[in-house]
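Structure first, then comments.
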Amino acid sequence: VSVAVVGSINRDIVARVPRIPRPGETLLAHGASRGGGGKGANQAVAAARAGGAPTAFVGAVGDDADGSDLRAALAADGIDVSGLRTAPDRTGIALISVDDAAENAIVVIPGANGAFDTLDDTQRRVIAAADVIVAQLEIPVAAVLAAAAARRPGAVFVLNGAPSAPLADPATGPLLLGAADVLVVNEHELQDAGGTGDASTDLERVASRVRALVVTYGADGSVVVVDGRRAEVPAFPADAVDTTGAGDTFCGVLAARLAGRPLTLEALAAAARAGAAAAALAVGRPGAQDAVPAAAEVDALAGGAA
Ligand code: RIB
């Protein structure tokens, strides 16, 4: 495979609400849906479907109907699920409120994702076969570090710093930054990783600690830094109905479009452009994995294969 995504997989249960509820408030939803989610699995779908790369997913589901349904859905997208193990636990669940302005609030019940802290031999083999490995921080840090250690020489390790708490933790932040070739964060996660309280100092500080950095600013595009050189990548206009998983789509496509290419500023900027096109298409559709576009749509918007 070209891309191995190591991370979380959830059953998303979505309530459409007029606005995100306040503490102590009960709100009636005006719509509901269920879908495939989890930052890791969303990125795997994005890499395979929108990025067009042979992709494997490494993670854990529970021994239940959600686990087998989610596994089958990834396989239907052509994703290698030999590294998706079944744990004696419940499959992760995400309770998501999406408001009329397309904003969301998410509570994750980790289930099997929370117990995924070591890799088995099959999972290590899948990772060692990939050109690009992608991980996020919705699984234990131990699994993320084990995945970085299992990569073959020359493979690129992309870390998406979401959620960012382990980056801000002095015990794990330096280990994670030390393992990442490419760090992808949004502006809030950058602040947690940098810790200086000043956005541009944070960017310089974090960029100096990884080979490459991508900072996403939503509708304001992204900044890409490789070996001290910097490029700005604009976002594409979008009519947002649901932003859930948009960052995951960006990361998965970025990883897919990096596979087999040298890690240069030009290659990373082109990959970020494809990621931005995919994310713009995804926010116009409801759901996480359900919203991921096809590669042809991405290329049509981004202007040819990136
Ligand atoms: O990033 C979006 C994802 O976060 C959702 O699919 C949900 O499962 C949570 O993991």
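The values are calculated or read from the model by the stated rules, or taken from the named source; none is laboratory data. None of the values given here were measured: they were computed from a predicted structure. Neighbour counts are summed over all protein chains in view; Cβ atoms, including those assigned to glycine, are modelled from backbone coordinates with ideal geometry. These area figures cover heavy atoms from the full protein model, side chains too; ligands, DNA and RNA do not enter into them. Shrake-Rupley method; radii C 1.70, N 1.55, O 1.52, S 1.80 Å.
Which residues, taken from segment 116-141, are β-branched (V, I, T), within 16 Å of the ligand (Cβ to nearest atom) and part of a strand (DSSP E or B)? Write out each step before concluding.
As a first pass, look at segment 116-141 and keep what is β-branched (V, I, T): 118, 122, 126-127, 132-134, 139, 141.
Remaining after also requiring within 16 Å of the ligand (Cβ to nearest atom): 134, 139.
Listed by number, the list holds a single entry, V134.
Which one is most open to solvent (accessible area, probe 1.4 Å) among residues in segment 78-94 that are within 15 Å of the ligand (Cβ to nearest atom) and within 18 Å of the chain's Cα centre (by Cα)?
Filtering segment 78-94 for residues that are within 15 Å of the ligand (Cβ to nearest atom) and within 18 Å of the chain's Cα centre (by Cα), the one most open to solvent (accessible area, probe 1.4 Å) comes out as I93.
Need the failing condition index for A267 against (1) buried (at least 18 other Cβ atoms within 10 Å of the Cβ); (2) of a type outside the set (S, T, Y); (3) in contact (Cβ under 8 Å) with a residue 24 or more places away in the chain, just the number.
Status for A267: all satisfied but (3).
Within the set of pairs 6 or more residues apart or between chains, which connect a residue that is within 27 Å of D239 (Cβ to Cβ) and in contact (Cβ under 8 Å) with a residue 60 or more places away in the chain inside segment 89-115 to a residue that is assigned to a helix (DSSP H, G or I) and away from the ligand (no atom under 11 Å from the Cβ) with Cβ atoms less than 8 Å apart?
A102/V283
Name every residue in segment 16-48 that is within 15 Å of the ligand (Cβ to nearest atom) and within 24 Å of V144 (Cα to Cα), in order of residue number.
Those that are within 15 Å of the ligand (Cβ to nearest atom) and within 24 Å of V144 (Cα to Cα): G36, G37, G38, K39, G40, A41, N42, Q43, A44, V45, A46, A47.
If you check T118 against the conditions, is it farther than 30 Å from P18 by Cα, touching a residue at least 12 places away in the same chain (Cβ under 8 Å), hydroxyl-bearing (S, T, Y) and crowded, with 24+ Cβ neighbours inside 10 Å?
no
From the list V132, V81, V126, V144, which residue is closer than 30 Å to L263 by Cβ, in contact (Cβ under 8 Å) with a residue 60 or more places away in the chain and touching a Leu at 6+ places or on another chain (Cβ under 6 Å)?
Residue meeting the stated conditions: V132.
Looking at the structure I just gave you, is A267 on the phi < 0 side of the Ramachandran plot and part of a helix (DSSP H, G or I)?
In short, yes.
Output yes when any residue across segment 7-30 is over 19 Å from D131 (Cα atoms), crowded, with 18+ Cβ neighbours inside 10 Å and among the acidic types (D, E), and no when none is.
Yes.
Pick from segment 233-247 the residues that are open to solvent by 40 Å² or more (accessible area, probe 1.4 Å) and free of Cβ contacts under 8 Å to residues at least 60 places away in the same chain: which of them is nearest to the ligand (Cβ to nearest atom)?
Result: A238.
Output the number of residues of segment 248-262 satisfying the condition of being more than 16 Å from the ligand (Cβ to nearest atom) and crowded, with 17+ Cβ neighbours inside 10 Å.
Going residue by residue through segment 248-262, those that are more than 16 Å from the ligand (Cβ to nearest atom) are 256-262.
Now drop any that are not crowded, with 17+ Cβ neighbours inside 10 Å, which leaves 256-259.
Qualifying residue count, segment 248-262: 4.
Determine if segment 33-43 includes at least one residue that is open to solvent by 50 Å² or more (accessible area, probe 1.4 Å) and more than 13 Å from Q289 (Cα to Cα).
Looking for residues that are open to solvent by 50 Å² or more (accessible area, probe 1.4 Å) and more than 13 Å from Q289 (Cα to Cα), one finds none in segment 33-43, hence no.
Would you check which residues across segment 104-115 are within 13 Å of the ligand (Cβ to nearest atom) and either surrounded by fewer than 21 Cβ atoms within 10 Å (Cβ to Cβ) or assigned to a loop (DSSP other than H, G, I, E, B) (or both) and list them?
N104, A105, I106, V107, V108, I109, P110, G114, listed by residue number.
I need the full set of residues from segment 145-176 which are over 16 Å from the mean Cα position of the chain (by Cα) and within 17 Å of L268 (Cβ to Cβ), in order please.
Scanning segment 145-176 gives G154, A155.
Under 8 Å by Cβ, and 6 or more places apart or on different chains, what pairs join a residue from segment 170-182 that is free of Cβ contacts under 8 Å to residues at least 12 places away in the same chain with one that is among the small types (G, A, S) and part of a helix (DSSP H, G or I)?
none
For A50, indicate whether it is of a type in the set (A, V, I, L, M, F, W, C) and within 20 Å of the chain's Cα centre (by Cα).
For A50, the condition - of a type in the set (A, V, I, L, M, F, W, C) and within 20 Å of the chain's Cα centre (by Cα) - is met.
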